[in-house]
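Q: Below is one structure. I have some questions about it.
The values are calculated or read from the model by the stated rules, or taken from the named source; none is laboratory data. The structure presented is a predicted model; accordingly, all values stated were derived computationally and were not measured. Positions of Cβ are generated from backbone atoms using ideal geometry, with glycine treated the same way; all protein chains shown enter the neighbour counts. Heavy atoms of the whole protein, side chains included, go into the accessibility calculation; ligands, DNA and RNA do not. Shrake-Rupley method; radii C 1.70, N 1.55, O 1.52, S 1.80 Å.
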Amino acid sequence: MTAAARAPAAAAPSPAIGIRNYAIVTAAYWALTLTDGALRMLVLLHFNQLGYTPVQLAVLFLLYEFFGIVTNLVGGWVASRTGLRFTLVLGLVLQVVALGLLALLNRGWSLALSVAYVMGCQALSGIAKDLTKMSAKSAVKVLVPKGDDSGLFTWVAVLTGSKNALKGAGFFLGGFLLSQAGFRGALVAMAGGVLVVVLCVLALLPAAIGRATHKARFSGILSNSSGINRLSLARLALFAARDVWFVVSVPIFLASVLGWSFTQVGAFMALWVMAYGGVQSASPVLLARLTHGTAPGPMLAGGLGLGLAAVTALIPIGLRVHAPPSWTMLGGLALFGVVFALNSSVHSYLVLAYSEADRVSLSVGFYYMANACGRLLGTLLSGVLYQFAGVSASLWGAVVLAAAAGVGAMRLPPVTTEVAWSGAKGDE
């Protein structure tokens with residue numbers, strides 16, 4: 001019998017096993033995402049009610065975003081050596097710890113101590129969120145058959161879109177739990193729910209998913225692919241364009257200037273994220289006519305970035321000419337959400353298309369490190385621009401950043417049918 005004949009017939013997992021593992025990974029990602037959205041709304045509404053300024057509110061989220069940068073940079077390397085189950089479970093456990101510690105916050109502490117403590121808890125939550133996200137999205141690359149580009153785009157879109165829909169539901173959950181159980185009770189309830197998910201993942205998900213056949217050196221966390229590097233810069237600008245208004249500016253504008261209640265603000269943010277997630281899940285269908293049934297490429301990503309800048313500019317222009325502020329803001333942000341969702345889903349496909357399976361966690365980790373850099377930049381600008389120049393300044397900042405994302409995406413290399421690491425360098 002030849003060596004080939006003696007090779008294990010199960011080298012490629014059966015479709016049933018792949019679907020089961022995909023479902024487990026997705027369920028874990030959903031649980032983390034639900035609590036992540038709820039925690040953001042809990043912190044924003046609770047501390048805004050305590051009188052924190054927009055800049056102080058932004059500061060509460062800075063370590064959350066900063067440690068997302070570190071986590072994505074190092075987490076991909078860790079996952080390539082230990083497998084994706086380890087990093088997935090680690091992320092979920094850290095979320096339990098972060099929620100539990102935040103529940104111990106004492107309102108009698110000084111402002112400085114309270115801010116430092118919340119920032120530390122948010123840092124743990126940021127590590128948890130990005131470890132889980134990196135693990136889940138990398139697992140999709142491993143579970144989808146090699147060469148199935150359209151299938152890869154579809155599954156990534158479903159995972160990402162459902163995540164954002166649940167994050168929106170988390171915003172609503174956070175407001176609901178805050179009103180029903182209080183700040184501490186809401187945190188304890190969420191920690192218990194995530195702990196149950198940890199036990200299920202440990203029991204059901206194989207440990208070897210996503211483990212590289214060759215152990216990557218630590219120096220390998222930095223991408224040597226021009227495709228990944230250019231896409232990461234475009235991603236940085238894209239998410240800064242969202243968070244520059246999303247984190248602080250618009251929620252506080254709706255509450256303080258337009259007089260919306262906290263429930264109305266939370267409901268709007270929840271519906272916006274859920275609708276955005278729905279568009280993202282449907283993006284393969286919505287973009288099918290533009291791509292003629294094929295997977296998307298760099299020019300589409302670039303065009304969507306420039307289109308995002310154009311629709312965003314309509315909002316501050318409308319406010320400037322004294323259009324009804326509520327309808328201007330709601331209509332403009334609805335358009336923003338549609339174009340942003342399509343753009344983000346194309347990015348999420350491209351990073352996997354440029355990655356080879358044995359390095360996917362490293363590539364995705366580097367890419368989401370840039371994503372976290374964008375969120376950090378957007379978060380800081382959101383508080384600063386709003387406090388010193390108002391909501392229009394934040395929206396013009398989004399215009400500039402979205403345009404930068406579009407121009408950057410147009411310099412991406414073409415996507416081949418089966419992308420090897422060497423073929424993803426994109427040298428011209």
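Q: Measure off, as a whole percent, the carbon and sulfur share of the 1.4 Å-probe accessible area of segment 234-322, all protein chains present.
A: Result for segment 234-322: 69 percent of the exposed heavy-atom area is carbon or sulfur.
Q: Which whole-Hz ³J(HN,Hα) couplings does segment 405-410 yield from phi under the Karplus relation 6.51 cos²θ - 1.76 cosθ + 1.60, θ = phi - 60°, glycine and proline marked x?
A: Ordered by residue, 3J(HN,Hα) equals 5, x, 5, x, 5, 5 Hz.
Q: When each pair of different Cα atoms in segment 241-291 is counted once in the 1/r mean, what is the Kirkwood radius in angstroms, to one decimal?
A: 12.5
Q: Determine, for each peptide in 170-177, 345-352, the mean count of other beta carbons within 10 angstrom over its residues, then list the peptides with the highest first.
A: Ranked from most to least packed, the peptides come out as 345-352, 170-177.
Q: Sorting His322, His46 by accessible area (1.4 Å probe), largest first, what list results?
A: His322, His46
Q: Now for a different question. Hey, if we sort Cys121, Cys200, Cys373 by accessible area with the 1.4 Å probe, largest down, what's the order?
A: If we order Cys121, Cys200, Cys373 from most to least accessible, we get Cys200, Cys373, Cys121.
Q: Turning to a different aspect of this structure: Quick one: Karplus J couplings for segment 131-136, per residue in order, coefficients 6.51, -1.76, 1.60, θ = phi - 60°, nearest Hz, x for Gly and Pro?
A: 4, 5, 5, 4, 5, 5
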